[in-house]
Amino acid sequence: MDEHSRRERPRDVFWARHSNPKSGWSRTLVGPLLVLALYRRDWRLVAVAVLAAVVNPVAFPPPDEDVDSWMTRAVRAERWWLGEGRGTVGLGWPNVLNALNVPAFAYALYAAYERTPARAVVALALSTALKLGWIEVVARRYDATVER
């Protein structure tokens, strides 16, 4: 095994495990968990949410080869997008969706901490919609470039 392969192996394992749809969908729960934890001022729950965000991408086995779920395609598309050097945040389409996601999620955390639940929920919903929107656009572009 050459040096390049040795360096790429951990990255391949990460993306393969993260492409399990259970990984992607359960990861969408981390944001709401963190908002709830801040709202309740439950610092243990904050720690659990942060730990879940870190461990989640490798917590599940790679999906079966015949799995063709939307989330599996979305994670594969994200890897492809990053491999093309396009980044995830910026002013171009669709990265602007993630750029808008950052202040929306930050405001959701702030609103939760300030205990304004309606604002926290609306900002969290906006943040989630922006992230899922970015994933959908990238997945469509990925689908258009690979044989299905």
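Scanning the stretch 59-81 for residues that are in a helix (DSSP H, G or I) and either over 13 Å from the mean Cα position of the chain (by Cα) or among the basic types (Lys, Arg) (or both) yields Trp70, Arg73, Arg76, Arg79, Trp80, Trp81. Residue pairs whose Cβ atoms lie under 8 Å apart, separated by 6 or more positions or on different chains, with the first residue in the stretch 119-137 and among the hydroxyl-bearing types (Ser, Thr, Tyr) and the second in a helix (DSSP H, G or I), are Ser127/Gly31; Ser127/Asn101; Ser127/Ala104; Ser127/Phe105; Ser127/Ala108; Thr128/Gly31. What number goes with the only condition from (1) among the charged types (D, E, K, R); (2) open to solvent by 50 Å² or more (accessible area, probe 1.4 Å); (3) touching a residue at least 40 places away in the same chain (Cβ under 8 Å) that Glu78 does not pass? Every listed condition holds for Glu78 apart from (2). Based on what the data block shows, is Val48 under 18 Å from the mean Cα position of the chain (by Cα), modelled with pLDDT of 95 or more, surrounded by fewer than 17 Cβ atoms within 10 Å (Cβ to Cβ) and part of a helix (DSSP H, G or I)? Judged against the criteria, Val48 is a match.
Would you please name the residue that is surrounded by the fewest Cβ atoms within 10 Å (Cβ to Cβ), looking only at residues in the stretch 96-110 that are among the small types (Gly, Ala, Ser) and without any contact (Cβ under 8 Å) to a residue 40 or more places away in the chain? Can you show your working first?
First pass over the stretch 96-110, keeping only residues among the small types (Gly, Ala, Ser): 99, 104, 106, 108.
Okay, now just the ones that are also without any contact (Cβ under 8 Å) to a residue 40 or more places away in the chain, so 99, 104, 106.
Values: Ala99: 16, Ala104: 18, Ala106: 12.
Here the answer is Ala106.
The values are calculated or read from the model by the stated rules, or taken from the named source; none is laboratory data. This is a predicted model, so every value here is computed, not measured. Neighbour counts are summed over all protein chains in view; Cβ atoms, including those assigned to glycine, are modelled from backbone coordinates with ideal geometry. Note: areas computed on protein heavy atoms with side chains; ligands, DNA, RNA excluded. Shrake-Rupley method; radii C 1.70, N 1.55, O 1.52, S 1.80 Å.
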